[in-house]
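The values are calculated or read from the model by the stated rules, or taken from the named source; none is laboratory data. This is a predicted model, so every value here is computed, not measured. As a convention, Cβ positions derive from the backbone with ideal geometry for all residues, glycine included, and neighbour counts pool all protein chains shown.
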Amino acid sequence: MSVLSFISNIFKPAAKLVDELHTSEDEKLQAKNALQAIQNTILSKVLDYETKLLETRTQIISAEANGQSWLQRNWRPITMLTFLILVVFDSFGWLANPLAPEAWTLLQIGLGGYVTGRSAEKIVSQFKKGST
């Protein structure tokens, strides 16, 4: 479940409660508008947070990519290639001991972080180009 849908689901019971109030339609509409304004404010802050988080991740990846050391610039691709080799060897049964479930979990987290980081880097750079 995404954060945005989670926040929307938080406000659904309150909106339903407003519908069930024994009051005028104008007062119900005012209450719904106030509730929607609060929800919009929270969603805006969550989006700001997510944007800053992606920008920070992009800065980290860019700093690594522009680093002085060869290892600093290439450790992520080396790690992903190592994971790929382990997956291929495990899939064909070429490993003396199959990968443990924890190794697969680590692989999923690592791959997810790598892909997310690279995607964030590209998205933020496109976003910055569009806003200037």
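Just one residue in the set 82, 23 is among the hydroxyl-bearing types (Ser, Thr, Tyr), assigned by TED's automatic domain parsing to the domain that holds residue 5, out of contact with any helix residue (DSSP H, G or I) (no Cβ under 7 Å at 6 or more places or on another chain) and free of Cβ contacts under 8 Å to residues at least 60 places away in the same chain; that residue is 23.
Residue 125 meets each of the listed conditions (1) at pLDDT 85 or above; (2) closer than 30 Å to residue 6 by Cβ; (3) in contact with a helix residue (DSSP H, G or I) (Cβ under 8 Å, 6 or more places away or on another chain) apart from (1). Whether a residue is of a type in the set (Gly, Ala, Ser) and either within 29 Å of residue 8 (Cβ to Cβ) or at pLDDT 80 or above (or both) was assessed, and residue 67 does not pass this test.
When 63, 96 are screened for being of a type in the set (A, V, I, L, M) and surrounded by fewer than 10 Cβ atoms within 10 Å (Cβ to Cβ), only 96 passes. Scanning the stretch 13-55 for residues that are surrounded by fewer than 11 Cβ atoms within 10 Å (Cβ to Cβ), basic (Lys, Arg) and more than 20 Å from the chain's Cα centre (by Cα) returns a single hit, 16.
Among the candidates 40, 33, 9, 74, which residue alone is among the polar types (S, T, N, Q), out of contact with any Phe, Trp or Tyr (no Cβ under 7 Å at 6 or more places or on another chain) and in the same structural domain as residue 112 (by TED's automatic domain parsing)?
Working: 40 fails: in the same structural domain as residue 112 (by TED's automatic domain parsing); 33 fails: in the same structural domain as residue 112 (by TED's automatic domain parsing); 9 fails: in the same structural domain as residue 112 (by TED's automatic domain parsing).
Result: 74 is the single residue among 40, 33, 9, 74 that is among the polar types (S, T, N, Q), out of contact with any Phe, Trp or Tyr (no Cβ under 7 Å at 6 or more places or on another chain) and in the same structural domain as residue 112 (by TED's automatic domain parsing).
I need every pair where a residue in the stretch 43-57 that is over 19 Å from residue 8 (Cβ atoms) has its Cβ under 8 Å from the Cβ of a residue that is at pLDDT below 85 and of a type in the set (Ser, Thr, Tyr), sequence separation at least 6 or different chains. Pairs that qualify, where the first residue is over 19 Å from residue 8 (Cβ atoms) and the partner is at pLDDT below 85 and of a type in the set (Ser, Thr, Tyr), are 57/116. Taking the stretch 1-55 as the range and being of a type in the set (Gly, Ala, Ser), closer than 30 Å to residue 126 by Cα and assigned to a helix (DSSP H, G or I) as the test, the residues that pass are 5, 8, 37, 44.
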